[in-house]
Amino acid sequence: MPPRKIQDEAEVIRWFEEGKTYEWMQAEYLRKYNIETSVPMWSAFRRRKGLDRRNLRDDSLIPWKIKAEHRHMYPAIMLRVEGRVRADRNNSERDLNRVTSWKEMLAEGNLVVHYDPDTEDGFFYVPREDGDTDLIRRPKDATGNKAQD
């Protein structure tokens, strides 16, 4: 069997609890132990140890099937951060400040997020209507929030 790459499981579990990203863990292991790691390795460790998923899925905030080219757009990122806030998950101070500012912008403009997968931009801010009860314009038919190929 090849030698184990994880040098200190308690340290890695603490990093997960602190919300460190896989990319941060890769860089830290290279710096600290001179060991190259991969995102799938960290994901597998998380799964084996029964730790919480890194990405929280919140269908109430992202009820659409998001195309791959739209996944990293700012409204999608902020909706995921808000999902983590609502689930009382660890968030960085930077993310908390960003999502607070973003929600203030929506409130001040009386806007909600609309998603149209058939457009280049994907996400749009549209005027809030009477039926809008959250940060998004609910689609007529929710499609789930899995990325399309």
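The values are calculated or read from the model by the stated rules, or taken from the named source; none is laboratory data. Not measured: the values here are computed from a predicted model. Every residue, glycine among them, receives a Cβ derived from its backbone with ideal geometry; neighbour counts consider all protein chains shown. Surface areas here come from the heavy atoms of the whole protein model, side chains and all, with no ligands, DNA or RNA. Shrake-Rupley method; radii C 1.70, N 1.55, O 1.52, S 1.80 Å.
For the range 58-74: of the residues being in a helix (DSSP H, G or I) and touching an Asp or Glu at 6+ places or on another chain (Cβ under 9 Å), which is least open to solvent (accessible area, probe 1.4 Å)? Don't jump to the end; show me each part of the working.
Step one: filter the range 58-74 for residues in a helix (DSSP H, G or I), giving 68-70, 74.
Then drop every residue that is not touching an Asp or Glu at 6+ places or on another chain (Cβ under 9 Å), which leaves 68-70.
Details: Ala68: 38, Glu69: 117, His70: 1 Å².
The qualifying residue least open to solvent (accessible area, probe 1.4 Å) is His70.
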Filter the range 19-48 for residues that are at pLDDT 90 or above, hydroxyl-bearing (Ser, Thr, Tyr) and not in a helix (DSSP H, G or I); which is surrounded by the fewest Cβ atoms within 10 Å (Cβ to Cβ)?
Ser38
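Please pick out the residue among Asp59, Asp141, Asp118 that is more than 19 Å from the chain's Cα centre (by Cα), of a type in the set (D, E, K, R) and at pLDDT below 90. Give the derivation first.
On the way: Asp59 fails: more than 19 Å from the chain's Cα centre (by Cα); Asp118 fails: at pLDDT below 90.
From the options Asp59, Asp141, Asp118, the qualifying one is Asp141.
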Need the failing condition index for Phe16 against (1) surrounded by 13 or more Cβ atoms within 10 Å (Cβ to Cβ); (2) modelled with pLDDT of 85 or more, just the number.
(2)
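State all residues of the range 80-102 that are loosely packed, with under 15 Cβ neighbours inside 10 Å, in contact (Cβ under 8 Å) with a residue 24 or more places away in the chain and not aliphatic (A, V, I, L, M); if no residue qualifies, say none.
Filtering the range 80-102 down to residues loosely packed, with under 15 Cβ neighbours inside 10 Å leaves 86-90, 92-94, 96-97, 100-101.
From what's left, in contact (Cβ under 8 Å) with a residue 24 or more places away in the chain: 86-87, 89-90, 92.
Those that are loosely packed, with under 15 Cβ neighbours inside 10 Å, in contact (Cβ under 8 Å) with a residue 24 or more places away in the chain and not aliphatic (A, V, I, L, M): Arg86, Arg89, Asn90, Ser92.
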Condition check for Ile77: closer than 23 Å to Thr119 by Cβ, of a type outside the set (Gly, Ala, Ser), open to solvent by less than 60 Å² (accessible area, probe 1.4 Å) and in a loop (DSSP other than H, G, I, E, B)
no
